[in-house]
Amino acid sequence: MRTKAAAKSQTTEDRIFGILGMTLRAIDTFSTQLSSRFLYWLWGHPIRHKPSAREMLFKKEAEVGRFESNGVTYNFYSAGKGPAVLAVHGWDGRGTQMLSFFQPLVDAGFKIVTFDAHGHGESPGRQANGVVISDMIVELSNKVGGFDAIIAHSIGGSFALVALERISTKKVVLIAPPQSMESSFQKIKKRLGVPDGPEKLFRERFERNFKNSWNRFSIDQLVTKIPGVKGLIIQDEDDDFVDPSEAQAIHERWDGAEIFITKGHGHRKILRAPEVVKKAVSFIAS
């Protein structure tokens with residue numbers, strides 16, 4: 001029996017995952033094929049979260065531009081003047097989730113640029129994947145004339161690093177980066193309680209649709225391919241999604257990169273932590 005404290009500590013996201021997991025396992029009792037399709041749908045179906053009043057105010061006051069990627073038109077938002085810095089959100093996120101970095105970067109002489117990935121925030125689409133989002137970053141870079149630096153949260157870091165196969169930048173800040181696509185899947189698998197049957201079919205379908213892409217988005221491999229890019233990894237000890245050991249593994253493989261460890265912020269509140277904002281802005285401006 002759960003205690004009142006345990007029930008109170010459960011987040012809305014925990015409850016959503018609980019319901020989705022029960023649904024998946026219920027479907028699996030009569031059709032593993034259908035449950036695997038449901039898992040595949042969940043994997044590529046981001047949850048949209050309501051932005052704060054401060055975020056909406058930024059969008060209202062920001063300079064709004066438009067760019068096209070894969071035949072779809074998207075908005076991007078910018079403020080300030082100077083070398084451009086791109087802010088990339090993570091899965092289920094939105095560009096203005098990185099709001100705490102914007103004014104400090106503008107004050108430091110940079111132009112901040114952000115966007116909502118396909119299927120996220122106010123952008124069109126329902127399903128999304130790393131290939132589509134990486135393409136968006138490439139096209140946005142071409143639109144604004146390149147980025148002096150990139151700040152990316154969570155798995156948004158892998159999308160940004162894949163984009164660096166076709167564009168360039170000087171510095172990258174990764175905040176709470178998962179080590180690999182596999183490590184991210186294992187956490188989702190655990191939260192949903194995915195049985196072996198649908199997992200096997202899910203992996204087969206993913207490979208058919210995105211051949212050789214699973215490991216392509218592994219950050220611990222991607223950082224070895226950008227030797228000329230200066231890096232900063234920021235990780236919180238109390239992250240409930242990305243284990244701190246993953247940041248350490250990335251750091252070990254990223255030649256010359258710095259690592260900055262915090263405590264008490266978790267996976268998302270780290271984006272609002274004053275010491276994190278100060279460290280990231282100082283690194284980019286140095």
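Any read-out appearing in this document is the output of simple, stated calculations on the displayed coordinates, not a laboratory observation. None of the values given here were measured: they were computed from a predicted structure. Cβ: placed from backbone, ideal geometry, glycine included. Neighbour counts: every protein chain shown.
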ask   = From the list LEU24, LEU20, LEU86, LEU42, which one is in a helix (DSSP H, G or I), aliphatic (A, V, I, L, M), within 24 Å of GLY157 (Cβ to Cβ) and touching a residue at least 24 places away in the same chain (Cβ under 8 Å)?
value = LEU42
key: Members of segment 165-185 found to be in contact with a strand residue (DSSP E or B) (Cβ under 8 Å, 6 or more places away or on another chain) and assigned to a loop (DSSP other than H, G, I, E, B), listed by number   = THR169, LYS170, ALA176, PRO177
note = Screening ILE284, ILE234 for residues that are over 30 Å from PHE30 (Cβ atoms), part of a helix (DSSP H, G or I) and among the hydrophobic types (A, V, I, L, M, F, W, C) leaves only ILE284
remark   = Of the conditions (1) under 29 Å from ALA108 (Cα atoms); (2) in contact with a Gly (Cβ under 9 Å, 6 or more places away or on another chain); (3) crowded, with 18+ Cβ neighbours inside 10 Å, the single one that ASP255 does not satisfy is (3)
ask   = Yes or no: ILE133 surrounded by 22 or more Cβ atoms within 10 Å (Cβ to Cβ), touching a helix residue (DSSP H, G or I) at 6+ places or on another chain (Cβ under 8 Å), not basic (Lys, Arg) and not in a loop (DSSP other than H, G, I, E, B)?
value = yes
ask   = Taking the stated definitions as given, is VAL138 surrounded by fewer than 19 Cβ atoms within 10 Å (Cβ to Cβ) and not in a loop (DSSP other than H, G, I, E, B)?
value = yes
message = Step by step: first the residues of segment 186-195, then only those that are assigned to a helix (DSSP H, G or I) and in contact (Cβ under 8 Å) with a residue 40 or more places away in the chain, then the one that is surrounded by the fewest Cβ atoms within 10 Å (Cβ to Cβ). Which residue is that?
response = LYS187
